[in-house]
1. Which condition from (1) more than 16 Å from the chain's Cα centre (by Cα); (2) away from chain B (no Cβ under 12 Å) is the one that A:Tyr89 breaks?
2. I'd like the full set of residues that are more than 9 Å from DNA strand D (Cβ to nearest atom) and outside any helix (DSSP H, G or I), limited to segment B:47-60.
3. Pick from segment A:7-26 the residues that are hydrophobic (A, V, I, L, M, F, W, C) and under 22 Å from A:Lys54 (Cα atoms): which of them is surrounded by the fewest Cβ atoms within 10 Å (Cβ to Cβ)?
4. Looking at (1) open to solvent by 10 Å² or more (accessible area, probe 1.4 Å); (2) modelled with pLDDT of 95 or more, which is the one condition that is false for B:Asp307?
5. Of all residues in segment A:114-133, which are within 10 Å of chain B (Cβ to nearest Cβ) and of a type in the set (S, T, N, Q)?
6. When you go through B:Tyr44, B:Tyr26 one by one, which is the residue that is part of a loop (DSSP other than H, G, I, E, B), farther than 30 Å from B:Lys294 by Cβ and within 12 Å of DNA strand D (Cβ to nearest atom)?
7. Please go through segment B:235-277 and give me each residue that is touching a Leu at 6+ places or on another chain (Cβ under 9 Å), of a type in the set (Asp, Glu) and open to solvent by 20 Å² or more (accessible area, probe 1.4 Å), ordered by number.
8. Taking only segment A:99-113 into account, find how many residues are more than 13 Å from B:Asp43 (Cβ to Cβ), within 9 Å of chain B (Cβ to nearest Cβ) and open to solvent by 50 Å² or more (accessible area, probe 1.4 Å).
Number of protein chains: 2
Amino acid sequence: MRIKDIAKLAGVSPATVSRVMNNNGYVKEEKREAVLKVIKEVDYQPNPIAQSLKNQKSHMLGVIVPKISTETASRVVAGVTEVAKVHGYQVLIANTDLDIEEEINYLKFLSNKSVDGIIMMGTEVTDRHLAVMDKLAVPIVILGQEVKGYTSIIHNDYDASFSMTEYLIKQHHREIAFIGVDEKDEAVGVVRKKAYLDCLNKYAVKVDSKLMAIGDFDIDTGYQMMQQILTHKTPTAVFAVTDHLAIGAIHALLDAGLRVPDDVSVVGIGDIKLAAYLNPPLTTVHYTFKTSGKMAAEAVFELMEDDTKQGKRFMTTFELKTRASVKAI
Amino acid sequence: MRIKDIAKLAGVSPATVSRVMNNNGYVKEEKREAVLKVIKEVDYQPNPIAQSLKNQKSHMLGVIVPKISTETASRVVAGVTEVAKVHGYQVLIANTDLDIEEEINYLKFLSNKSVDGIIMMGTEVTDRHLAVMDKLAVPIVILGQEVKGYTSIIHNDYDASFSMTEYLIKQHHREIAFIGVDEKDEAVGVVRKKAYLDCLNKYAVKVDSKLMAIGDFDIDTGYQMMQQILTHKTPTAVFAVTDHLAIGAIHALLDAGLRVPDDVSVVGIGDIKLAAYLNPPLTTVHYTFKTSGKMAAEAVFELMEDDTKQGKRFMTTFELKTRASVKAI
DNA sequence: GAAATAACTGAAATCGATTTCACAATTATA
DNA sequence: TATAATTGTGAAATCGATTTCAGTTATTTC
């Protein structure tokens, strides 16, 4: 069913049908009714692609995620879709599986007028990213990393990490192991580590490089890094920069015959859904990923209205969730 | 940059540029090179919306999910996007938040030529769904429920649930509580329960309705249902139809002062990522959700080629993951 | 009652690509 | 060499909507 067909059935021109559908321009009441009747009868829905072409709006938002099958990503997407729906927008997902090449390809592809705005969940933002981003035809918002010149939604990684370290120190821990990730990820790899170090310094706790390990993002890595640390020394507490790393660490500790938290306390960051249901329930930092997704979407819509608002920086809140995985000394 | 501009720069007509881009029709070698040179220089990418309109193909797949921020959904989407990428397709996500009205709206909207195929993760499939599905202009595949006449990817819920029950019986459990969900969800609510009952019957274990409870899908429900069952009787084992329900049940048991698995064994279905890291590690059924997503996508592409293949029924495999949450009597 | 304004309508142009069609220039075949 | 077949090209139609433009009819205003 095309607009032409509706026009014929209603005995008017396509222009009139369009005017009725979009409620603009003059249409005599009886013709309007005739058109609406036909539309209802045949359940006519205009071809969105043709509309996109003519209106130069696709009513779609692109979301670039590093890995869709993670709790963080899916929560962000949930937030984005929620706001998108309010604006009558659809969400197009681009899953890069952590491949930078893919990320850049998607940036190009999506910008090419197939979406009206882009939200990129950043891990590593390279110069090549920036080169492409500078030429983008549509607004973009970066989520999770701070990129100057671009609107970014960032989690308060510094304060969160600092507070967590401080919390452990206030529980009288002094031998606090650190399990981090590669520095290519600015927010997680660099900022969270810096906050940890700064906090130790503030409280004059000496930094022991033997208690620090850097690896990937998965549970297994947490396990291995913990084992590695244990070969040198047994800390009284472990600060893992993600909950998954913390879970791996806990299991390594248990397998080494240590009790958590009685022998070693463990904390993470992220507050995955099951954190409270682990044994012991995990002390962690709650981030509002869904809210971040919403904020990102709202920022994109704002940029679509007025692209001079580029470059804003939004920081989301966090909350320390103290649970049983930490025991004071 | 439009095709016209490229044509002008290369000193040819838009038709020739199109012929070069799509590698069809005759083009003299020198003109082809001239065109390619210009395309490369200005990094021209054709407007996908205009192409969609002309070609009547959007190169997009629609996925309707009940809740994007669940592990199941995100794994399915990961599988779908993987296959989609191979075919040069993008994935459009429609998140219905379990709202049937939304589901039907999305079916209509997506079918309307804005995607070339639809994958619907079904929970409840009503007559209203069917009415809309019958009129769909594009192929659709249902994932997770069996709908006759439509290609469905189903998990072997019956056998999985039966095997799990059988496993408990073989561990000499006879008082096996059941925590299920509403029957509106055919696969989870009806089939899994039927298999449980059939298995009890097969082994002449008497069914005790006091040991059965029906609720929602979340951890809290599992907790409450377990508490409710405990007011009547303490079973030796609990069969929850999802891992989340099992986790809720475990916590209710622990809070009631019972030990898992020493006093009560608990099993779930789904094998969420953290199932092996819970305490105790959860005995459950591993479903290959990502594979289901891939199969669904492949089935959709097959239907796009040849719509007579409609109505196939694919069953995915499962694997019993026996972990420490079950103890033989 | 004439002039000015408002209400209404459809033909045609447009969005940016693809493809048909008609025709021209080569090359192959008889 | 004449004819047929192949190669090569651009103008124009097309996809399905929206919008401008020009023209008609109805309503005010003086």
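1. Going through (1) more than 16 Å from the chain's Cα centre (by Cα); (2) away from chain B (no Cβ under 12 Å) one by one, A:Tyr89 breaks only (2).
2. Answer for segment B:47-60, where residues must be more than 9 Å from DNA strand D (Cβ to nearest atom) and outside any helix (DSSP H, G or I): B:Asn47, B:Lys57, B:Ser58, B:His59, B:Met60.
3. Going residue by residue through segment A:7-26, those that are hydrophobic (A, V, I, L, M, F, W, C) are A:7, A:9-10, A:12, A:15, A:17, A:20-21.
With under 22 Å from A:Lys54 (Cα atoms) added as a condition, the list becomes A:7, A:12, A:15, A:17, A:20-21.
Numbers: A:Ala7: 18, A:Val12: 20, A:Ala15: 12, A:Val17: 29, A:Val20: 22, A:Met21: 17.
Here the answer is A:Ala15.
4. Every listed condition holds for B:Asp307 apart from (2).
5. A:Ser114 - this is the single residue of segment A:114-133 that is within 10 Å of chain B (Cβ to nearest Cβ) and of a type in the set (S, T, N, Q).
6. Values: B:Tyr44 fails: within 12 Å of DNA strand D (Cβ to nearest atom).
Exactly one of B:Tyr44, B:Tyr26 is part of a loop (DSSP other than H, G, I, E, B), farther than 30 Å from B:Lys294 by Cβ and within 12 Å of DNA strand D (Cβ to nearest atom), namely B:Tyr26.
7. Listed by number, the list holds a single entry, B:Asp263.
8. Total satisfying the criteria: 1.
The values are calculated or read from the model by the stated rules, or taken from the named source; none is laboratory data. Quick caveat: nothing in here was measured; it's all calculated off a predicted structure. FYI the Cβ positions are ideal-geometry reconstructions off the backbone, even for glycines, and counts take in every protein chain you see. For the accessible areas, the whole protein counts, side chains as well, though only heavy atoms, and no ligand, DNA or RNA atoms are used. Shrake-Rupley method; radii C 1.70, N 1.55, O 1.52, S 1.80 Å.
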